[in-house]
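The values are calculated or read from the model by the stated rules, or taken from the named source; none is laboratory data. Since we're looking at a predicted model, the values are computed, not measured. So basically every Cβ, Gly included, is an ideal-geometry build from the backbone, and we count neighbours across all protein chains shown.
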Amino acid sequence: MDFETIATFRARPRMDVAAVASELTSIGRWFYQQKWVLGTSGNFSAVLSREPFRMLITASGVHKGTMTPDNFLQVDSSGKAIGGKQHPSAEMLIHLTIISELNAGSILHTHSVWATILSEAHAVSGGIMMRGYEMLKGLSGIRTHEYEEWLPILENSQDYTELSKSLSLVLREKPDIHGFLLRNHGLYTWGSNIEEAKRHVEIFEFLLEVIGRRQTITSSIP
């Protein structure tokens, strides 16, 4: 993918780094309390500026229950860290891909139990169709519970360059989706800003648990 295209977006005022880091830290700690990012799992990012491109992202190996604003660093459009001695999350390329393809302002990644279970259970179908749930109206642009949200499931890989290429194809084919799952891994979702991305995590995590529990109950009925 051509990450230089990120720099072509319309310039916007640069966000305050300390304020963004503090907001992402609070979200990370709250997600930890919900058991969506236990241990060092998960990663979060937000675009600070488009020209020059700067993204704030969690450093690698950070425990989300004890993280602080110092656990974030800035990267440019190529993923190169700007100053400091920390290394960005290994999944940084996924964040850059989502920003490049969808012009997202923030990406949040969780590793909940239900996302992990359902990403394996539905892998053969390539995704999960969510329909008929009132909570779908919490996703940006959705006004009715009758909406059908397709949540794709991508095969997990430690080759993030190839994974990012696969993700680009999915996002170009279905640019209106609000998230995706990595198989046996977790949920990625995004928003135009941090608050919207956080809301999308809440919606998806609720729906994944509902779907998972419903399937468990259904399968146990004689």
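Which numbered condition in (1) closer than 21 Å to residue 96 by Cβ; (2) modelled with pLDDT of 95 or more is the only one that residue 35 fails?
For residue 35, the exception is condition (1).
So, of the residues in segment 34-53 that are in contact with a Lys or Arg (Cβ under 7 Å, 6 or more places away or on another chain) and either of a type in the set (Phe, Trp, Tyr) or part of a strand (DSSP E or B) (or both), which turns out to be surrounded by the fewest Cβ atoms within 10 Å (Cβ to Cβ)?
Taking the candidates together, the pick is 49.
Exactly one condition in (1) in contact (Cβ under 8 Å) with a residue 12 or more places away in the chain; (2) in a loop (DSSP other than H, G, I, E, B); (3) closer than 21 Å to residue 70 by Cα is not met by residue 104; state its number.
Here residue 104 clears every test but (3).
I need the full set of residues from segment 103-135 which are more than 20 Å from residue 74 (Cα to Cα) and within 17 Å of the chain's Cα centre (by Cα), in order please.
Passing the criteria: 110, 111, 112, 113, 114, 115, 116, 118, 119, 127, 128.
Could you please give the count of residues in segment 155-172 that are among the hydroxyl-bearing types (Ser, Thr, Tyr) and touching a residue at least 60 places away in the same chain (Cβ under 8 Å)?
Of the residues in that region, 4 qualify.
Check segment 174-189 and report whether any residue there is charged (D, E, K, R) and closer than 16 Å to residue 97 by Cα.
Yes; the residues of segment 174-189 include at least one that is charged (D, E, K, R) and closer than 16 Å to residue 97 by Cα.
Looking at segment 176-222 only, could you name the residues that are within 22 Å of residue 160 (Cβ to Cβ), of a type in the set (Val, Ile, Thr) and surrounded by 21 or more Cβ atoms within 10 Å (Cβ to Cβ)?
Once the filter is applied, which keeps residues that are within 22 Å of residue 160 (Cβ to Cβ), of a type in the set (Val, Ile, Thr) and surrounded by 21 or more Cβ atoms within 10 Å (Cβ to Cβ), segment 176-222 yields 189, 201.
Just the residues that are surrounded by 18 or more Cβ atoms within 10 Å (Cβ to Cβ) and assigned to a helix (DSSP H, G or I), please, taken from segment 107-133. Spell out the reasoning first.
So the first thing to find is which residues in segment 107-133 are surrounded by 18 or more Cβ atoms within 10 Å (Cβ to Cβ), and the list is 107-112, 114-116, 118-119, 122, 127-128, 130.
Within segment 107-133, 114, 115, 116, 118, 119 meet the criteria.
Quick check: anything in segment 153-175 part of a strand (DSSP E or B), of a type outside the set (D, E, K, R) and surrounded by 20 or more Cβ atoms within 10 Å (Cβ to Cβ)?
Checked segment 153-175: at least one residue is part of a strand (DSSP E or B), of a type outside the set (D, E, K, R) and surrounded by 20 or more Cβ atoms within 10 Å (Cβ to Cβ).
Step by step: first the residues of segment 57-73, then only those that are surrounded by fewer than 16 Cβ atoms within 10 Å (Cβ to Cβ) and not polar (S, T, N, Q), then the one that is farthest from residue 25 (Cα to Cα). Which residue is that?
That would be 61.
What are the residues in segment 176-222 that are hydroxyl-bearing (Ser, Thr, Tyr) and either touching a Lys or Arg at 6+ places or on another chain (Cβ under 8 Å) or assigned to a loop (DSSP other than H, G, I, E, B) (or both), if any?
Filtering segment 176-222 for residues hydroxyl-bearing (Ser, Thr, Tyr) gives 188-189, 192, 216, 218-220.
Answer for segment 176-222, where residues must be hydroxyl-bearing (Ser, Thr, Tyr) and either touching a Lys or Arg at 6+ places or on another chain (Cβ under 8 Å) or assigned to a loop (DSSP other than H, G, I, E, B) (or both): just 192.
Name the single residue that is nearest to residue 103 (Cα to Cα) among those in segment 56-71 being assigned to a strand (DSSP E or B) and in contact with a Pro (Cβ under 9 Å, 6 or more places away or on another chain).
The initial filter retains those residues of segment 56-71 that are assigned to a strand (DSSP E or B), namely 56-59.
Next cut, in contact with a Pro (Cβ under 9 Å, 6 or more places away or on another chain) only: 57-59.
Values: 57: 16, 58: 19, 59: 22 Å.
The residue in question is 57.
When residues of segment 24-63 are filtered for being among the hydrophobic types (A, V, I, L, M, F, W, C), farther than 15 Å from residue 190 by Cα and in contact with a His (Cβ under 8 Å, 6 or more places away or on another chain), how many remain?
Matching residues across segment 24-63 total 4.
Taking the condition among the aliphatic types (A, V, I, L, M) and either out of contact with any Asp or Glu (no Cβ under 9 Å at 6 or more places or on another chain) or over 17 Å from residue 36 (Cα atoms) (or both), does residue 163 pass?
yes
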